[in-house]
1. What number goes with the only condition from (1) touching a helix residue (DSSP H, G or I) at 6+ places or on another chain (Cβ under 8 Å); (2) open to solvent by less than 20 Å² (accessible area, probe 1.4 Å) that GLY177 does not pass?
2. What pairs can you find where one residue is in region 100-115 and among the polar types (S, T, N, Q), the other is part of a loop (DSSP other than H, G, I, E, B) and open to solvent by 80 Å² or more (accessible area, probe 1.4 Å), and their Cβ atoms are less than 8 Å apart, with a gap of 6+ or different chains?
3. Hey, among the residues in region 256-270 that are farther than 30 Å from GLU77 by Cα and not small (Gly, Ala, Ser), which one's least open to solvent (accessible area, probe 1.4 Å)?
4. From the list SER104, SER157, which residue is modelled with pLDDT under 85 and open to solvent by 20 Å² or more (accessible area, probe 1.4 Å)?
5. If I filter region 58-75 down to residues being outside any helix (DSSP H, G or I) and open to solvent by 20 Å² or more (accessible area, probe 1.4 Å), which single residue comes out as nearest to GLU17 (Cα to Cα)?
6. Of (1) touching a Phe, Trp or Tyr at 6+ places or on another chain (Cβ under 8 Å); (2) open to solvent by 40 Å² or more (accessible area, probe 1.4 Å); (3) within 28 Å of ALA74 (Cβ to Cβ), THR8 satisfies all except one. Which?
7. If you scan region 215-255, which residues turn out to be assigned to a helix (DSSP H, G or I), open to solvent by 30 Å² or more (accessible area, probe 1.4 Å) and either in contact with a His (Cβ under 8 Å, 6 or more places away or on another chain) or without any contact (Cβ under 8 Å) to a residue 40 or more places away in the chain (or both)?
Amino acid sequence: MSIGLWRTDRALAQRLELAEATSNASFVEARARLSPASGAEWRDIAGTYAMFDGPESPITQTFGLGMFSPLSEADLEAIEDFFSDRGADTSHEVCPMSDPSHLSLLSARGYHPIELSSVLWRSLDHLAPGTATGVTVRPIEAGEEGLWAETSSAGWSSEPAVADLVRGLAEISVRGGATACFLAEHEGRPVAAGGLFLHEGVLLLAGASTVPAWRGRGAQNALLAERLRWGAAQGADLAMVVTLPGSTSQLNAERQGFRMAYTRTKWRRP
């Protein structure tokens, strides 16, 4: 289907939000399986996916708030109890196409906005051929899980605390089995890493990271293009990516034919 025939409406937003919610639920299940002492758990509470991956984890929040069913005050209280019982703040990633009744509920219960993110998407019809960059991209092989996690964290080497966090998340993603992991290489040396998750025809691209010396040299564009081709070959009909508004990642996605779907707001209640 041509991208011009798609509409950014609630039905499309539900597909995108469900793909990301399912991806994070799979991650939490992998954490629980690989590290039982973590207490990782997720629940579907009135159509909202509540994730706990530790009090400080960026995965610990909700997805799909008000997207799949209206949210009552009792539902919101149940979600808050899920997090407070585990010593975590309550955070919600909220799509602007969700049921509008949540806004008054969140305001009345002391939530405040803390973050914005851009959700972009594109059809997987008519993918452009790759451009010559000297970079090759491939799925990782068995035994390369540690190399992929190391490459993922290397992109954050200037921020050691973030690099450690990324390494821990990457170790779970690569060993959890639900994420397909890719390496970009130059002359056999890893220069970038990225992952993807496929759910009901939606290809979610995530975990992209480039070794600092290779930024601005085409590694991310090559990694993005190859993952799109791989997803299309697996039967996906559209792809999505979530970025910081106006970031280099958003620009790279737009160069690959992505367009804005909407801007989400993260709300938090300590």
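The values are calculated or read from the model by the stated rules, or taken from the named source; none is laboratory data. Values in this document were obtained by computation on a predicted structure and should not be read as measured data. Because the Cβ atoms are built from the backbone with ideal geometry, glycine has one as well, and the counts that use them run over all protein chains shown. Heavy atoms of the whole protein, side chains included, go into the accessibility calculation; ligands, DNA and RNA do not. Shrake-Rupley method; radii C 1.70, N 1.55, O 1.52, S 1.80 Å.
1. Unmet for GLY177, out of (1) touching a helix residue (DSSP H, G or I) at 6+ places or on another chain (Cβ under 8 Å); (2) open to solvent by less than 20 Å² (accessible area, probe 1.4 Å): (2).
2. The qualifying pairs are SER101/PRO70.
3. Ranking the qualifying residues of region 256-270, first place goes to PHE258.
4. Values: SER104 fails: modelled with pLDDT under 85.
Among SER104, SER157, only SER157 is modelled with pLDDT under 85 and open to solvent by 20 Å² or more (accessible area, probe 1.4 Å).
5. PHE68
6. Evaluating THR8 over (1) touching a Phe, Trp or Tyr at 6+ places or on another chain (Cβ under 8 Å); (2) open to solvent by 40 Å² or more (accessible area, probe 1.4 Å); (3) within 28 Å of ALA74 (Cβ to Cβ) leaves (3) as the failure.
7. Hits for region 215-255 are GLN220, ALA233, THR248, LEU251, ARG255.
Okay, residues lined up against (1) assigned to a helix (DSSP H, G or I); (2) open to solvent by 50 Å² or more (accessible area, probe 1.4 Å); (3) at positive phi; (4) modelled with pLDDT of 90 or more:
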residue	(1), (2), (3), (4)
THR133	no, no, no, no
GLY143	no, yes, yes, yes
LEU147	yes, yes, no, yes
GLU150	yes, yes, no, yes
SER153	yes, no, no, yes
VAL166	yes, no, no, yes
SER173	yes, no, no, yes
